[in-house]
Amino acid sequence: MRKVAAVTGGAQGIGKAVALEFVKAGYEVSVADTDKEAGMELMEQVRSLGGKGMFLPVDVAKETEVERWFKLMLDDFGRIDVLVNNAGIGVNGPMLELPMESFDRVLNVNLRGTFVCSQQAARAMKRQGGGVILNMASTRALMSEAGTEAYSASKGGLLALTHAMAVSLGPYGIRVNAVSPGWIETADWQKASNRRPPVHNERDRLQHPAGRVGTPADIAAACLYLAGDGAGFVTGQNLVVDGGMTVKMIYEE
Ligand code: NAD
């Protein structure tokens, strides 16, 4: 049977890997992202894999844009089987100087945007008799460092939202889970880590029992598992994909 996956923030980084993983698994994909150029490039990649995809420039913090995306998606594809709420931003900086506009923007994209998209998807999934919603949280929901208040709060909120939505939507055959990536080597991460002294890159690696930082492909594989029938009894959970980073105790030398 045809299956359709929708991915927010799917034009780059983790979301792009997720979208391509679903295409390779035979899904048709609908991608929403604020970056139009990257979205169009992704669609070329989807076509070169022989897949079907649609891209729409969408800011998930704007309800009217999200509503339009779902209308076009459902008109074109006729159904939605999986929604991956991946779009996310972070603003790091000293807590005492964080402007409230920055706090609001992070919450609006990461948390409110996830709820708005989930509401749209769940209405269609209820009509269809089921579906899967995945929320991209973060290990920052579980552990923190100074200056990540807005981001950490948004991701912690996503875990609570995941629990509540799993309970509300279970009766309609809709499973809801979160994925919490650890340190994932995306282009942005690479840019940031290259600015550090190299010794920090080695320290980053050693912080992981798995002996390496993660890749977008690690997260895409987790999403495909949670979307599939093999995870049919898994709902309301948070799958931490971090190479064991959050279970390792660190001692200062
Ligand atoms: P990224 O910046 O490489 O990609 C994010 C994508 O989301 C971009 O294509 C961007 O254009 C899009 N986007 C941003 N704001 C948007 C909006 N308002 N509406 C629609 N699209 C929007 O980031 P990434 O590292 O791939 O992260 C993806 C998700 O994974 C985020 O939710 C992030 O918080 C989470 N995450 C990432 C890491 C990591 O180490 N990279 C770790 C934990 C969690």
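What the table below lists for this structure:
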{"quantity": "Relative contact order, percent, the chain [alpha-carbon distance under 8 Å, six or more residues apart]", "calculated": "19"}
{"quantity": "Distance histogram for segment 108-168 (every C-alpha pair counted, 5 angstrom bins, percent rounded to whole numbers)", "calculated": "4, 18, 27, 21, 14, 9, 5, 2, 1"}
{"quantity": "Sum of side-chain charges, Glu37 neighbourhood, beta-carbon under 15 Å (Lys, Arg +1; Asp, Glu -1)", "calculated": "-2"}
{"quantity": "Radius 14 Å from Cβ of Ala150, net charge of other residues (Lys, Arg +1; Asp, Glu -1)", "calculated": "-1"}
{"quantity": "Debye, to nearest 20: dipole size of the chain, +1 on Lys, Arg Cβ, -1 on Asp, Glu Cβ", "calculated": "700"}
{"quantity": "In nm, spacing of pseudo-spin labels at Val247 and Asn201 (7 Å Cα→C-beta vector)", "calculated": "2.9"}
{"quantity": "Placed amide H near Val176: partners under 5 Å, 5+ positions off or other chain", "calculated": "Ile133, Gly236"}
{"quantity": "Global form of segment 1-78, assessed from the alpha-carbon gyration tensor, a/c cut-off 1.5", "calculated": "oblate"}
{"quantity": "Relative contact order (%) - segment 102-179, alpha-carbon pairs under 8 angstrom, separation at least six", "calculated": "41"}
{"quantity": "Cα long-axis angle, helix 113-128 against the chain (0 to 90 degrees, to the nearest 10)", "calculated": "30"}
{"quantity": "Rough spin-label spacing in nm, given labels placed 7 Å along Cα→Cβ, for Ala146 and Ser168", "calculated": "3.8"}
{"quantity": "Fraction of antiparallel bridges per DSSP, the chain only, in percent to nearest 5", "calculated": "0"}
{"quantity": "For the chain, average projected area of the Cα convex hull in nm²", "calculated": "14.2"}
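Each reported figure results from applying straightforward, stated rules to the coordinates on display, with no laboratory input. Treat the numbers as computed from the prediction; the structure is a model and nothing was measured. Here the Cβ is made from the backbone with ideal geometry for all residues, glycine too, and neighbour counts use every protein chain on show.
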